[in-house]
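What follows draws every value from the coordinates through simple rules; no lab data is involved. What you are looking at is a predicted structure, and each value in this text was computed from that prediction instead of being measured. Ideal geometry is used to build each Cβ from the backbone, glycine not excepted, and the neighbour counts take in all protein chains shown.
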Amino acid sequence: MTDMFHEGNRALQDRFDGRRLADSLERNRRHDSFTDADIAFIEGAPFFFLATAHGETVDCSFKGGMPGFVKVTGPNTLSFPDYDGNSMYKSLGNIMKGGNVGLLFIKFDGTGERMRINGAAVLDDDPARLSGFEGAKMLVDVTARHIFPNCPRYIPAMDGLEISANVPRPGHEPPEAAWKFRDYAKDHLPERDRKRLFET
């Protein structure tokens, strides 16, 4: 098990008399393998937030899909698909160069259920595995170091969540992203997209 807190965390805990509480939360709330409740929460989620970093380059992105698009694959491992995007590869590029990730799952349904997962990620483009994730271009495999459900008190209730029409799913053809047809993008799309959209 890796330490949950570094010297910066500890300095602020000591400054504001928070070390005892932080240590108690680590002992009683942090875990390094998924519980049945964790698995149900993760695999029922239609989205999460992904943080990555490489050197001075940091990124936080939204990852969405049909509930079940994130799959728990082992006691402390999960996988999720990377879908068609804007070709910047901010998250995946950081993962390729470093691998440290933070995932934040939140419910905005009034319960405020929330889970942080910090760990290491690798990329996989094995066709056999991709076939199990509708619409996936690559897979991200995460090994969790810290699994930590924490305080939901500031999370707003936002009822009426509706899955985006752009999310891949069996039997559904997502519409093309409008930005692909804009002047700043259309002449610079990956070759496969330019041929499909503008040369047919």
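Applying the Karplus relation 6.51 cos²θ - 1.76 cosθ + 1.60 with θ = phi - 60° to the stretch 60-72 yields 3J(HN,Hα) values of 10, 9, 8, 10, x, x, 5, x, x, 5, 9, 10, 6 Hz, where x marks Gly and Pro.
Quick query: amide H of Thr73 versus all other amide H atoms, modeled in the peptide plane; which residues come in under 5 Å with a sequence gap of 5 or more or a different chain? It is Leu78, Ser79, by chain and number.
Each residue of the stretch 110-122 is assigned a 3J(HN,Hα), and the resulting list reads x, 7, x, 4, 8, 9, 9, 10, 10, x, 10, 10, 9 Hz, derived from the Karplus form 6.51 cos²θ - 1.76 cosθ + 1.60 (θ = phi - 60°), x at Gly and Pro.
Select from the stretch 109-184 those trypsin sites (Lys or Arg not before Pro) which occupy a DSSP coil region and have at most 16 other Cβ atoms within 10 Å, ordered by residue number.
Lys137, Arg153, Arg182
With the highest mean first, a sort of the peptides 84-95, 154-165 on other beta-carbon atoms found within 10 angstrom per residue produces 84-95, 154-165.
Only Cα pairs under 8 Å and 6+ residues apart enter the sum, and on that basis the relative contact order of the chain stands at 19 percent.
In summary, the aspartates and glutamates within cross-link reach of Lys63, defined as a Cα separation below 15 angstrom excluding same-chain residues under 8 places away, comprise Glu43, Asp82, Asp84, Glu134, Asp141, Glu162.
With the Kirkwood sum run over all distinct C-alpha pairs, the chain has a hydrodynamic radius of 18.9 Å.
For the stretch 90-106, the Karplus equation 6.51 cos²θ - 1.76 cosθ + 1.60, evaluated at θ = phi - 60°, returns couplings of 5, 5, 5, x, 4, 4, 4, 8, x, x, 6, 9, x, 10, 10, 9, 9 Hz by residue, with Gly and Pro reported as x.
Binning the C-alpha pair distances of the stretch 130-174 at 10 Å intervals from 0 yields a P(r) profile of 18, 26, 36, 20 %, listed from the shortest bin outward.
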